[in-house]
Amino acid sequence: MLDPYFSTPFDPDRRLQHQIQERLIEAILAGAWPTHEPLPATRVMSKTIGVSRNTISLVYERLAEDGYLIPLPRRGFFVNDKAVRERLSLRQGGEMNSGLPDPHPFELRNRLKISYVEQENIHKPSDWRRFPYPFVYGQIDPDKTSVTRWRDCVRLAGTAQHAPKWISDLVDSDDPMLVDQIIRKILPQRGFRANPNNILVTVGAQNAIYLAARLFCEDGTRVALEDPGYVDTRNIFLTMGAKISPQVVDSFGMRVTPELADAELVYITPSHQSPTNVTMSLDRRLALMAAAESHDLVIIEDEYEHELNFVGAQKPSLKSLDRSERVLHVGSLSKPLFPGLRLGFISARADIIEELRALRRLMYRHPPAQDQRAMALFLAEGHYDSHIRRLRKTLASKWRTIFSAAETHMPMCEVTPTTGGTGIWVRVPEELDLAELQREAEADGVLLERGDLRFLRPDAHRSYIRLGFGAIAEDKIAPGLKRLGAVIRRLDPKARG
């Protein structure tokens, strides 16, 4: 009776005990085992599905704790009849809908105010790890030391000492220990200080951008964006009805032009401009702050990977130059650590944070409190600083390798100089069709990102690609660019010479 539920092989990447437990629950709720008969003895069950007897014993005991089974001394484990009846009553409740009239088709298209899926966006394969040469941006090569230390911090966060701090709903508050660690460990490296009422924790830097945009943007708000720029931010502002003003980016960052006089809000990525990865010069930073004062601009400063410069001194953040508290400084705690963790923050004047906190409460109240406490411990014990030091060393070596390899294997291309980061911005021959280049490169095992979707100006030169090097092994960089160079030569006759 249980055979259908154990006919497929177990997933080797998941704990065996959990998989057996899931399949037994499915069988129990489907009524596959009579309630008057005990489940097979642990010895019989273990032999039937080819696992250890101890594993089956643990599964049976857990199912009994969770109410699915009832253990009877010297008789075995029986299905809890009450659990099955409850499940059957739910099914019968669903069958009662059969007396309703025929359903009227629901036309989603007629009810949508805006279609988010139709927005132009960057698409990255979820299975990027299968590519031999994954020049994918926004991912990193896992640091085993940091994974181990993070696991220790999660375990420590669950102890009696720390659990009471996150078990309760924080309503609209944040973990005070994490806020304190951000103030002590993160902000000084960015050249400014803050008080607890100047900090809001978010679900990653992008969530911080969305909150800030929602607070300051409405239909018709004039927003200055870098061009080329971050597509997700562009889409955020467009969905709010903003009027976008493209600001040209060159090798010194975003140009500060008289056009800013017509804007109300500026979004900028000064440390590593997205997607070119250039660093905004100090002169440009000072000019932007002067323009903000003159034109009463609000600035959203996105410093998503501030710590990852390898060449020259670190430039001061715009927030450190902010005399009138008009800069909202956005940072990511997880991007350089574990991108999937999704923790970030905003630092701004207290009344702005108060408004953002009230807005955040309407959306999700606060980020998971246990994750906040684990991150606080990770920072407090020095693991974050150690991780950044190791990461900088690794990325600096990759950075040197990718520039050298691009010069050797892709001489027909032009790589934008940078001072660090996790990717390079590459101008390819104009004759190339970027969609075709991406397809052909992927067919040869090289994963890259098209750059044309990043531009706003219709007259902009769009023949660019971005190559991320955070997730690819260093010894794969040169062979990958060699293969990419061959694809470019194959598609562009002019490049063959």
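The values are calculated or read from the model by the stated rules, or taken from the named source; none is laboratory data. Everything quoted here is computed from the prediction, not taken from an experiment. For neighbour counting, all protein chains shown are included, and Cβ atoms are generated from backbone atoms with ideal geometry for every residue, glycine included. Just so you know, the surface numbers come from the protein's heavy atoms only, side chains and all, with ligands and any DNA or RNA stripped out. Shrake-Rupley method; radii C 1.70, N 1.55, O 1.52, S 1.80 Å.
Evaluate E = 1/(1 + (r/R0)^6) for Lys47 and Glu442, where r is the Cβ-Cβ distance and R0 equals 45 Å; express this FRET efficiency to the nearest 0.05. Mind showing how you got there, number by number?
Details: r = 46 Å, r/R0 = 1.03.
The value I calculate is 0.45.
Using every alpha carbon pair in the range 325-368, what percent of pairs falls into each 5 Å bin from 0 up to the bin containing the largest distance? Bins of 5 Å from zero give 5, 20, 23, 25, 17, 10, 1 percent of pairs. Residue ranges 350-362, 115-127, 444-456 sort as 444-456, 350-362, 115-127 when ordered by packing (mean number of other C-beta atoms within 10 Å per residue, highest first).
Take each of the peptides 335-343, 264-272, 180-188, average the number of other beta-carbon atoms within 10 Å over its residues, and list them starting from the highest. Can you show the working numbers first?
Details: 335-343: 18.9, 264-272: 25.1, 180-188: 17.0.
In decreasing order of mean packing, 335-343, 264-272, 180-188 become 264-272, 335-343, 180-188.
If you take every residue apart from Pro71 with its C-beta less than 11 Å away from the C-beta of Pro71, what net charge results, scoring Lys and Arg +1 and Asp and Glu -1? Kindly include the intermediate steps, with their values, before the conclusion.
Numbers: positive: Arg74, Arg75; negative: Glu61, Glu65.
Counting the neighbours of Pro71, the net charge comes to 0.
Extending 7 Å from Cα along the Cβ direction at Thr145 and again at Arg490 yields two label points whose distance is 4.0 nm. For the cross-link pairs Lys185/Lys335; Lys144/Lys476; Lys185/Lys398; Lys335/Lys398, the ones whose C-alpha atoms lie over 22 Å apart are Lys185/Lys398. One chain, two ends: Asp296 and Trp128. Fully extended at 0.36 nm per residue, the span grows by 56.1 nm beyond their Cα-Cα distance.
Can I get the semi-axes of the range 10-90's equivalent ellipsoid? Compute them from the C-alpha gyration tensor as square roots of 5 times the eigenvalues, in angstrom, largest first.
Details: eigenvalues 85, 49, 22 Å².
So the three semi-axes of the range 10-90 are 21, 16, 10 Å.
When the chain is fully extended, how far beyond the present Cα-Cα distance does Asp13 get from Arg255, taking 0.36 nm per residue of separation?
Working: separation 242, 0.36 × 242 = 87.12 nm, distance 4.93 nm.
So the extension gain works out to 82.2 nm.
Kirkwood hydrodynamic radius for the range 260-409: how many Å is it when counted over pairs of different Cα atoms?
Numbers: mean 1/r = 0.0570 Å⁻¹.
Hydrodynamic radius (Kirkwood, Cα pairs) of the range 260-409 is 17.5 Å.
How big is D, in µm² s⁻¹, for the range 101-229 by Stokes-Einstein at 25 °C and 0.890 mPa s if Rh is the Kirkwood radius over C-alpha pairs? Please list the in-between numbers first.
Values: Rh = 20.5 Å.
For the chosen part, D equals 120 µm²/s.
Remark: the chain carries 50 Å² of accessible area per residue (probe radius 1.4 Å; ligands, DNA and RNA excluded).
Compute the Kirkwood hydrodynamic radius of the chain, taking the inverse of the mean of 1/r over all pairs of distinct Cα atoms, and give it in Å to one decimal. Before the final figure, lay out each step's value.
Values: mean 1/r = 0.0380 Å⁻¹.
For the chain, the Kirkwood estimate is 26.3 Å.
Taking label points 7 Å from Cα along the Cα-to-Cβ direction, Glu407 and Arg457 give a separation of 2.9 nm.
How large is the helix-only mean residue ellipticity at 222 nm for the chain, computed as the sum of -39500 (n - 2.57) over DSSP H runs with n ≥ 4, divided by its residue count, in deg cm²/dmol to the nearest 500? If you can, show how the numbers build up before the last one.
Values: 15 runs with 191 residues, N = 497.
The per-residue figure over the chain is -12000 deg cm²/dmol.
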